[in-house]
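All remarks here apply to the structure that follows.
The values are calculated or read from the model by the stated rules, or taken from the named source; none is laboratory data. All figures in this text were calculated on a predicted structure; none of them were measured in a lab. Neighbour counts are summed over all protein chains in view; Cβ atoms, including those assigned to glycine, are modelled from backbone coordinates with ideal geometry. With ligands, DNA and RNA removed, areas are computed over all heavy atoms of the protein, side chains included. Shrake-Rupley method; radii C 1.70, N 1.55, O 1.52, S 1.80 Å.
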Amino acid sequence: MTDPVARAADLLKEHRDSIDRLDAILVYTLAERFKHTQSVGRLKAEHDLPPSDPAREADQIERLEHLAREADLDPEFARKFLNFVIAEVIRHHEKFQS
């Protein structure tokens, strides 16, 4: 390997190591989030509340789009991601109610 190629390989490894750490953070963060949303789902089921809260969901989407813009992340991506998470949360909440 030439020096520039070796340097590029080192930089690539550093980036990939960071990506791997960030992926782990995402997974553990999602797990923690779902622990809380499952508690919310049980609470809603115990008190016969609807599994979905469209007003809160809309507020959360707006909030995350704003955060995405601040973080220089595509807000459309953030919205799609949160919609996916919300759909999973609602699915879990519906299970608690059945």
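Can you give the local net charge around residue 17? Use residues other than it whose beta-carbon is closer than 12 angstrom to its beta-carbon, Lys and Arg +1, Asp and Glu -1. Present the calculation step by step, with values, prior to reporting the outcome.
Details: positive: 13, 16, 21; negative: 10, 14, 20, 23.
Overall, the nearby charge balance is -1.
Could you tell me which label, among (1) 1.15; (2) 1.53; (3) 1.19, carries the value of Cα Rg over 2.2 N^0.38 Å calculated for this structure?
Read-out taken from this structure: (2).
Keeping all protein chains in place, calculate the accessible area per residue for the chain (probe 1.4 angstrom), answer in Å². Don't skip to the answer; put the middle values down first.
Details: 7680 Å² over 98 residues.
Result: 78 Å² of accessible area for each residue.
Counting Lys and Arg as +1 and Asp and Glu as -1, each charge on the Cβ, what is the dipole of the stretch 1-94 about the Cα centre in debye, to the nearest 20?
Details: 14 positive and 20 negative charges, 45 e Å.
Computed about the Cα centre, the dipole is about 220 debye.
Using a 1.4 Å probe on the protein heavy atoms, what percent of the accessible area of the chain belongs to carbon and sulfur? Don't jump to the answer; show the numbers that get you there.
On the way: 4610 of 7680 Å².
On the chain, the fraction of accessible area on carbon and sulfur atoms equals 60 percent.
Find out how many positive minus negative residues lie around residue 88, taking Lys and Arg as positive, Asp and Glu as negative, among other residues whose Cβ is under 14 Å from that of residue 88. Don't skip to the answer; put the middle values down first.
Details: positive: 33, 35, 80, 91, 95; negative: 57, 94.
Net charge in that neighbourhood comes out at +3.
Leaving ligands, DNA and RNA out of it, work out the accessible area of residue 19 with a 1.4 Å probe and give it in Å² to the nearest 10.
90 Å²
Based on DSSP H runs of at least 4 residues, each adding -39500 (n - 2.57), what is the mean residue ellipticity at 222 nm of the chain after dividing by all its residues, to the nearest 500 deg cm²/dmol?
Working: 3 runs with 84 residues, N = 98.
Result for the chain: -30500 deg cm²/dmol, rounded to the nearest 500.
For residue 17 and residue 74 in one chain, what is 0.36 nm times their gap in residues minus the Cα-Cα distance, to one decimal in nm? Working shown, then result.
Working: separation 57, 0.36 × 57 = 20.52 nm, distance 2.34 nm.
Contour length minus the Cα-Cα distance gives 18.2 nm.
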